[in-house]
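Peer 1: Would you mind keeping the following structure in view while I ask a few things?
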Amino acid sequence: MRSLTFAVSLVSLTFIQARVIVDPLDLATYDDSTARTSFFPLAAAAYSTNPQKCLSAKFSNAQLRRQVNVQCDSGGKNDICSAYTALLPANNAVVLSFRGTQGFLQLIEEADKSVFQSQSQWIAGGKVSKYFGDAFNTLWNAGMKDDVNYLLHTNPTFEVWVTGHSLGGSMASLAASYIVSNQIAPGNKVKLITYGQPRTGNTPFAVAHDAQMAYSYRVTHNRDVVPHIPNEGMEDYKHHKAEVFYKESMKPGASYKVCSSADESNDCSNGLLITASVSDHLTYFTKDVSQWGEAGCN
């Protein structure tokens, strides 16, 4: 009995030290260290004109395959979207990382397009913002498709890691879904972590996305405005699972809440009265995401 008591106490102490509130099923999946030290540098690297700098700084023998830059849509706005593919031999992973918003003006424009412009049918089910869908498809057909197929053909046992910040988070969400839908990789081989992702599609899309992969996490920082764009319910926009909410601090050891029981939950960022911080959107894990990525993740 004393051994059992000690074991329970040890588990309790672990929870206290980490200051984490999670559902039991999430203990084997979301991990702060993985999100902070692996996926986050990969997301930040997409802001650099040379992602290899971040890759070399944070991973052993990482190999950039290609960076792709395209016009996000055909509306003549000159919005430039970017993404890259890479290989992480030491982590047994193929990487797809998508760049987030460049400049506050484009941030506002994203919100406008997501809310007011048309939606398009999505391959897995439901509808998504046409702007996000077009941006992903253009990047995919500009070289990412060939790179992913090649990297997985030559490394068939590797996982697929998909990530992105802001607009990049929405494109990463679509990329992971597309890869599973087209049987490029099975859902149990795909890992998705996004940061400050806007609402990307409608409720049927969220339901379909939830069914495609277990390892799917949307990290949100306190009052970050972008995860609440467009407003919940407008044109039936809704997030997919699962939100990981860091309230206030994102310093090492900071507490966070994993909300996996519903696509959106008042136990996470939806429970805040005010969610209008641009600063919280630009800063994750105490780093200015774009500046840190541009500086080579150093």
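Peer 1: Could you please rank Met171, Met234, placing first whichever residue has the fewest other Cβ atoms within 10 Å of its Cβ?
Peer 2: If I rank by nearby Cβ atoms, fewest first, I get Met234, Met171.
Peer 1: Ok, one more. Given 0.36 nm per residue, what is the gain on full extension from Thr49 to Asp236 after removing their alpha carbon distance, in nm?
Peer 2: Between Thr49 and Asp236, full extension yields 63.7 nm more.
Peer 1: With 10 angstrom as the radius, rank Ser277, Ser166 by how many other C-beta atoms surround their C-beta, starting from the fewest.
Peer 2: Ranking Ser277, Ser166 by Cβ neighbours within 10 Å, fewest first, gives Ser277, Ser166.
Peer 1: Once you put a point 7 Å from the Cα of Ser181 and another 7 Å from the Cα of Ala262, both along the Cβ direction, what distance in nm separates them?
Peer 2: 2.7 nm
Peer 1: Related question: Do me a favour and compute the ellipsoid semi-axes for the stretch 103-259 from its Cα gyration tensor, root of five times each eigenvalue, largest one first, whole Å.
Peer 2: 24, 20, 15
Peer 1: With just the Cα atoms defining each centre, how far is the stretch 261-289 from the stretch 127-177? Give it in Å.
Peer 2: Here the two parts' Cα centres lie 24 Å apart.
Peer 1: Let me ask something else about it. Once the principal axes of the Cα atoms of the stretch 154-196 are found, what is the range along each, listed largest first in whole angstroms?
Peer 2: 30, 17, 17
Peer 1: Additional query: Quick check on the exposure proxy: order Thr154, Thr29 from fewest to most C-beta atoms within 10 angstrom.
Peer 2: Thr154, Thr29
Peer 1: Could you tell me how many cubic angstrom of Cα convex hull volume the stretch 21-294 has per residue?
Peer 2: Once divided by residue count, the hull of the stretch 21-294 is 112 Å³.
Peer 1: Mind checking Rg over Rh on the stretch 184-278, alpha carbons, Kirkwood formula for Rh?
Peer 2: We get a ratio of 0.97 for the stretch 184-278.
Bear in mind that the values in this text are calculations on the coordinates, not laboratory data. None of these values were measured; they are calculated from a predicted model. As a convention, Cβ positions derive from the backbone with ideal geometry for all residues, glycine included, and neighbour counts pool all protein chains shown.
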